[in-house]
C-alpha cells in the first residue's frame, strides 16, 4: 500500500502564529523608527541652516520665485493665459525655472530613446560574427566609455556642430531635414489656423487615454475604446494638426521644428555616451543567456536575426530593464553639463536666477527637488514596465 503524500514542512509552518505576528510588528517598528529618525534629522538640519542664516541677517524666503526675472533665455516655453509661448524677460523667476525644467525634460527624453536604440545595436554588434562589425563596435564602445562626458560634449559642440556650414550651404536630407551651425531643423506638426479648442482637447484626451490603457490592465479595453472615440470625434470636428516643413528664408528658417546648436550638441553627447554603457549591459545579458537557447534555435533552423527577435530579446529585456533604468536616471542628471556649452537647462537657468536674486540656497533646493521628481518618474516608469512584463509572462 502506497504511503500518503506529505509536503515538506518549512520554517514558516513550524513558527506559531503569535511569533510570526510579533516578528512582523517588530519589523514594522524598526522601519518606522528609521523613517522617524531620518525625518528628525532633516528637520534638525533645516532648523540649523535657518538659524545660521538668521544670525547673519539672512531670511529664508521663497518670494524670489514671484519676482520678475529680468533676463532672456535663448529657448524655452512657459504656460500663460494664451497657452504655451516663448519665455520673456518680463516673466517671473518661477517661469524661468519652469522653462529650464522643460528644456531638461526635452533633451533627456529624446536622449533616452536614441541612446537605447543605439546602445542595443552596439551591444549586438559586439557579438556579431562579422569581424569588422565586432571590432568597430568594440572600438566605439571603449572610446566612449573611457572618455569624460564633458570632453565629449565640448567636442560635439565646437568640433562638429559649430563646424557645420551656414544656412546657405546647409546639409539637406530627405523629408526637409536641414542641419547647419544654426541648429537642426525638422518637419513637424503644428495646430491648424481653424483648429477648434474642443478638437485639440479631444486629441489630448486620446493620447492620455492611450497612456492610461497601457498602465491599466483591468480597464484597458474601455480606455482604448474611449481613446479611439476621442480620435474619431476630433477628426470629425476638423483634425487640429497639420504637417509643416522647414524652409530657409534669408538668415532664418520658417516652419518645422527648430533646435538650437547647443541642444543638438548636448543631445549627441548624451546619446552616444549613454549608448556605450547600454551596449555593455546588453552584451553582458546576452552572454549570460544559456547556450542551450542558441543551440535549440539553431536546431529549429532559425536564422540569427530571428533568434535575436524571438528568443534572445524577450528573455534579455527583463534582465536589462533595471540596469537601463539606472542609466536613464544618470542621463537625466548629466543634462546639467549643458551649462558648459550654454544650453539653458534647469541648472543653467538656476545659476542666472541665483545671481540675480541672491537666493542660492532656496534656488538649489528647488533644483534638487526638480531633479528628484525626474529621477522618481523614470524609476516609477521602469518599475511599471517591469510589472507589466511580469504580468504578461515575458
**Matching entry among 231, 222, 287 (being in the same structural domain as residue 344 (by TED's automatic domain parsing) and either closer than 25 Å to residue 348 by Cβ or surrounded by fewer than 20 Cβ atoms within 10 Å (Cβ to Cβ) (or both))** = 287
**Request:** Scan segment 363-385 for residues that are modelled with pLDDT under 85 and either surrounded by fewer than 17 Cβ atoms within 10 Å (Cβ to Cβ) or over 23 Å from the mean Cα position of the chain (by Cα) (or both) and report the count.
**Result:** 1
**Item:** Only listed residue being within 30 Å of residue 260 (Cβ to Cβ) and either buried (at least 17 other Cβ atoms within 10 Å of the Cβ) or within 20 Å of the chain's Cα centre (by Cα) (or both), chosen from 320, 353, 316
**Value:** 353
**Request:** Considering every residue within segment 235-243, establish whether at least one is part of a helix (DSSP H, G or I), farther than 30 Å from residue 381 by Cα and free of Cβ contacts under 8 Å to residues at least 24 places away in the same chain.
**Result:** yes
**Asked** Is it fair to say residue 313 is in contact with a helix residue (DSSP H, G or I) (Cβ under 9 Å, 6 or more places away or on another chain), closer than 16 Å to residue 121 by Cα and in a helix (DSSP H, G or I)?
**Response** yes
**Fill in**
Of the listed residues (363, 325, 338, 342), the one being in contact (Cβ under 8 Å) with a residue 24 or more places away in the chain, within 25 Å of residue 270 (Cβ to Cβ), assigned by TED's automatic domain parsing to the domain that holds residue 72 and not in a helix (DSSP H, G or I) is 342
**Asked** Limited to segment 225-246, what total is found for residues that are touching a helix residue (DSSP H, G or I) at 6+ places or on another chain (Cβ under 8 Å) and within 15 Å of residue 200 (Cβ to Cβ)?
**Response** 9
**Request:** Determine which member of the set 141, 133 is surrounded by 17 or more Cβ atoms within 10 Å (Cβ to Cβ) and either out of contact with any strand residue (DSSP E or B) (no Cβ under 8 Å at 6 or more places or on another chain) or assigned to a helix (DSSP H, G or I) (or both).
**Result:** 141
**Request:** Say whether the condition of being surrounded by 13 or more Cβ atoms within 10 Å (Cβ to Cβ) and either within 30 Å of residue 307 (Cα to Cα) or modelled with pLDDT under 85 (or both) is met by at least one residue in segment 163-171.
**Result:** yes
**Prompt:** Taking residue 268, is it part of a helix (DSSP H, G or I), buried (at least 16 other Cβ atoms within 10 Å of the Cβ) and touching a residue at least 60 places away in the same chain (Cβ under 8 Å)?
**Reply:** yes
**Asked** For segment 248-261, does any single residue satisfy the condition of being assigned to a helix (DSSP H, G or I), buried (at least 16 other Cβ atoms within 10 Å of the Cβ) and at pLDDT 85 or above?
**Response** yes
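The values are calculated or read from the model by the stated rules, or taken from the named source; none is laboratory data. Every value quoted in this text rests on a predicted model; they were computed, and no experiment measured them. Every residue, glycine as well, gets a Cβ built from its backbone with ideal geometry; the counts of neighbours run over all protein chains shown.
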